[in-house]
Amino acid sequence: MIKRAFDLLAAVVGLFLTWPLWLVLAALIKLDSRGPVFFTQMRVGKNLKPFSLFKFRTMVAGAETSGISITVGADSRITRVGRWLRRTKLDELPQLLNILKGEMSIVGPRPEVPRYVELFRNEFADILVLRPGLTDLASLKYLDEAGILACAEQPEIAYCQQILPEKIGLARLYVRHASVALDLAIIVQTLLKLLGVPFVFCDLAGPSLPAKIRSWSMTGRIKAMILKWRRPLIIMLDIGLIIAANYLAFWLRFDGEIPSDQYALFVEMAPWLVAIRGMAFVAFRLNEGLWRYVSMWDMQNILAGVTTSTVAFYVLVRWGMHLYAYPRSIFVIDTFLLIGFVTGVRLPNRILRDRFVFRSKTKALIVGAGDSGERIAREMRMHPSYRYRPIGFVDDDPALLNQRIHGVKVLGTLPDLQRLVVEHEPHEVILAIPGMPQALLRKIVSELEPFKVTIKILPGLKDVLADHTSLSQIRSVDMSDLLPRAEIRLDANALRNLIQDRRIMITGAGGSIGSELARQTAGLQPEALVLFERHENSLYTIAKQLEDRRLSACVHPVIGDVTDARRLSVILKQYRPHIIFHAAAHKHVPLVEMNITEAIKNNCMGTRLVAEAADRFGVERFVLISTDKAVNPTSVMGASKRVAELIVQDMARHSRTCFLTVRFGNVLGSSGSVLLRFQEQIKDGGPVTVTHPEIRRYFMLIPEAVHLVMQAASLKEQGAIYVLDMGEQIKVLDLARNLIRLSGFLPGREIPIRFVGLRPGEKLHEELVGVGELVERSSIDKILRIRRMGSAGAEEVSAMMMALEAAAYLNNGATGIDRLHDLVPDFHRPDTEEDATTPDADWVEEEPAYSIARSGGGAERLAFNHEGAQPIISPRSP
């Protein structure tokens, strides 16, 4: 209501003050070129409702029907007067009429044309809960948007993929922090920028600051020097203020003409006054704080320090030195003046807030004494609803040690973290470093593992736009934060060119990978998206998700089985897909070991049937989603996926369809993921079961895996096998420990870890490159190309496939294993070699060394007592 009243008042006053200018501008527009004075364009407003936006015409008549839909640099369609209107932003004046009509506001997210809103419909739905505005945060950053786009090779693509997403982010920031004060700050900053005044009133930190304003920032060298000599400089300044306040008090008391005897008193007592006030300032820590974070706590100390020193000085003068000639009014005047001076130098550009004192039940130790940490500490002190009490900061800058921010002391550096947790016993450790490196995060989590303390973190730097950090953004650390994975840099142009206006088919569309492929593909505007899935419930779920995101117009859910050749032919003939992502497969290793023939049917024969159908119906690209378990496989699942790779490579030899394969590691959060199993076990109170203390795996997030698939598909290299450079493998035991720790429990003490032995077909370490394979760099960073050295002939593969499928049809698992060995000679099942399983063991807080004991034909059960001193051996049946 207040915002709308302000908008109406501002619009009425603006129209009243500028109507003569409207007449002048209308005349100039008509004299400069033919056409109407005003230009109207359809924009999307509050609650995604369209409206007509008014502007002064700046382009030649009919310009919207020729050229691109955005304005770039020195666009030839812009008139001479229009160029001046755009530079001064006077072309936006008619939007005061939109504000009067209730379609717009003075401040709010800038309205976009429907075409661009449809690209990010979900994001705009979140933003346009408010009326669009005449100016906003994005307007401050992109004041010369046309000039920025002029530097791009493809302006419209640059706008959609770079500028528009950042505008959306800034709009979200505004929606989250919308207030009258923020509106006024944006209005003032907009006026300052239009006038070319290099002063930051509404601060957009980091890259959001315009270059002209950034150039006024203090250099790092000067800032470092001031930080180094901060305390001596503050002490010298305070001494000068004490002397100046006392002298001014005499000057005011005697109307500007201080008698000689009173001046002698001033000179005689000034050193005593400086000494007493100096000791009080030290006692109340007035020379320790960082001025940019001055708060009500500092104000209290200033009042207490000055008042206490005044009382002490009065006692010294009147009763200690018996100087009754010293005017009593000087004490009062001097006190008020000094409070004003000390406060004045410490509170520039700050708005005083109401005093609020609150002690939370939750003690928080904040790691990071920068701007984010300061904002968190300030919110903790001022907002009782958060129920936090900051007990200290930890920062890696030794220069900040023992300094205070809002009264909260910098207690130590990162190496002191464990000691500080022991001494101060915080309930939570808040990592207030946006975009914290994963290596540092893993190190901190590891150091805090022995302590019963909750760990929370800020979002990534991209999510904390303009660094307006708040307590509401803090979240718990999750496993994805701790993965030492390689970041995939997406080529957005390549992906959009791959998908946009194309017909896409995804088999296994209801699975973890297939459903994420469907979500990402649907957002890239395909002509048609065929979701092929045999499980009705899974297909329904992903179809409803896309419908909820308003992406269902192009989606075609199809129930079907990849082993049904006739159904595949009907569907491919009907939809004629350009690209097929083949994600349908049985992937759970132990279940596949127990259902060998079904795995062969689905993973091998299903791949062959889909690949042959793709070739027959002229599909442009076929992408097989494989696994690192296909490398030197030890399981039926891995061997069957390796056979699927051989089928695809065989098809690539003679088909016009581009066949390629993508391998990746374990996907966190996918169906059957060890992460979900661990979470269930932790929820039930444990134990968490790990197969072997040394088992290691490559791990990825579902979006990362899908990004890899789509990036590889864009390369279009016939018969290629691609794999992500996933860095180091992670011990599953470490994954279990971290997950228990992040769930708020102590590993070994509150949630035990039990080793249960390797499962059938499981191996200790996964591999990226198999026997007879070479790894090469691809044209995309972090994606490797696998080259196979020698392979079986096409006729030989075909014959062996017939034998394999025959075994599957006859439900003969043993023969199926033999045929898999024929096709994949490096397939070796663990049960044919020395058994490498590990007996059960409970892991305690300090993990002791362990050994495996055997006697006769049976395994032994290995456990540890809770002191971790001696192993306890008990028999177990094999």
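Numbers for the structure displayed
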read-out: Label-point gap, in nm, between Thr40 and His588 - each point 7 angstrom along Cα→Cβ; value: 6.1
read-out: Per residue solvent-accessible surface (Å²) - region 20-91, probe of 1.4 Å; value: 56
read-out: FRET efficiency estimate (nearest 0.05) - Cβ-Cβ, Ala799 to Leu31, R0 56 angstrom; value: 0.10
read-out: Arg656/Asp818 FRET efficiency (R0 35 Å; Cβ-Cβ; nearest 0.05); value: 0.50
read-out: Of all accessible heavy-atom area on region 620-759, the percent that carbon and sulfur account for (1.4 Å); value: 45
read-out: Pair Glu64, Arg777: separation of 7 Å Cα→Cβ label points (nm); value: 4.9
read-out: Where Rh is the Kirkwood radius over Cα pairs, Rg/Rh for region 539-650; value: 1.01
read-out: Amide H contacts of Lys363 (H built 1.01 Å from N, under 5 Å, at least 5 apart or other chain); value: Arg389, His427, Glu428
read-out: 10 Å beta-carbon shell around Phe664, net charge (K/R +1, D/E -1); value: -1
read-out: Where region 514-621 is the region considered: accessible area per residue in Å², 1.4 Å probe; value: 43
read-out: Amide H within-cut-off set for Tyr722, under 5 Å, with H built and near neighbours excluded; value: Thr661, Val662, Arg663, Ile786
read-out: Rounded Å value of the spacing that divides the Cα centres of region 1-76 and region 615-644; value: 57
read-out: Within region 1-89, trypsin sites (Lys or Arg not before Pro) in DSSP loop having at most 12 other beta-carbon neighbours inside 10 Å; value: Arg34
read-out: Percent accessible area from carbon and sulfur atoms, region 411-452, protein chains only, probe 1.4 Å; value: 55
read-out: Potential lengthening between Leu48 and Lys731 on full extension [0.36 nm per residue; Cα-Cα distance subtracted]; value: 241.0 nm
read-out: Proximal charge balance of Leu546 [Cβ under 14 Å; K/R count +1, D/E count -1]; value: +1
read-out: Anisotropy class of region 72-186 from Cα gyration tensor, a/c 1.5 cut; value: oblate
read-out: Residue-count net charge about Asp395 - beta-carbon cut-off 13 Å; Lys, Arg +1, Asp, Glu -1; value: -3
read-out: Spin-label model distance (nm) - Ala325 vs Val345, 7 Å beyond Cα toward Cβ; value: 3.1
read-out: Shape of region 589-731, Cα gyration tensor, a/c cut at 1.5; value: prolate
read-out: Apportionment of accessible area to carbon and sulfur, region 116-186, percent (1.4 Å); value: 55
read-out: In order through region 14-28: 3J(HN,Hα) via Karplus (6.51 cos²θ - 1.76 cosθ + 1.60), integer Hz, x for Gly, Pro; value: x, 5, 5, 7, 10, 4, x, 5, 4, 5, 5, 5, 4, 5, 5
read-out: Sites Thr413 and Ala304 - FRET efficiency at Förster radius 30 Å, r taken between beta-carbons, to 0.05; value: 0.50
read-out: Highest-first arrangement of 635-642, 780-787, 503-510, where packing means the average Cβ count within 10 Å; value: 635-642, 503-510, 780-787
read-out: Potential extension, Glu536-Glu447 segment - 0.36 nm per residue separation minus Cα distance; value: 27.4 nm
read-out: Pairs from Lys101/Lys193; Lys363/Lys456; Lys30/Lys101; Lys30/Lys55 whose Cα-Cα separation, in the structure shown, is over 24 Å; value: Lys101/Lys193; Lys30/Lys101
read-out: Relative packing of 648-660, 444-456, which averages over residues the other C-beta atoms within 10 Å, highest first; value: 648-660, 444-456
read-out: Amide proton proximity set for Asn632, modelled H, under 5 Å, gap of 5+; value: Val771
read-out: Linear extension gain, Ala275 paired with Cys554, 0.36 nm per residue minus alpha-carbon span; value: 92.4 nm
read-out: Cα gyration tensor shape for region 1-110, rounded if a/c is under 1.5, else prolate or oblate; value: oblate
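The values are calculated or read from the model by the stated rules, or taken from the named source; none is laboratory data. These numbers come from a predicted model, not from an experiment. Heads up, the Cβs are rebuilt from the backbone with ideal geometry, glycines too, and the neighbour counts pull from every protein chain shown. To get the accessible areas, we keep the full protein, side chains included, count just its heavy atoms, and leave off ligands, DNA and RNA. Shrake-Rupley method; radii C 1.70, N 1.55, O 1.52, S 1.80 Å.
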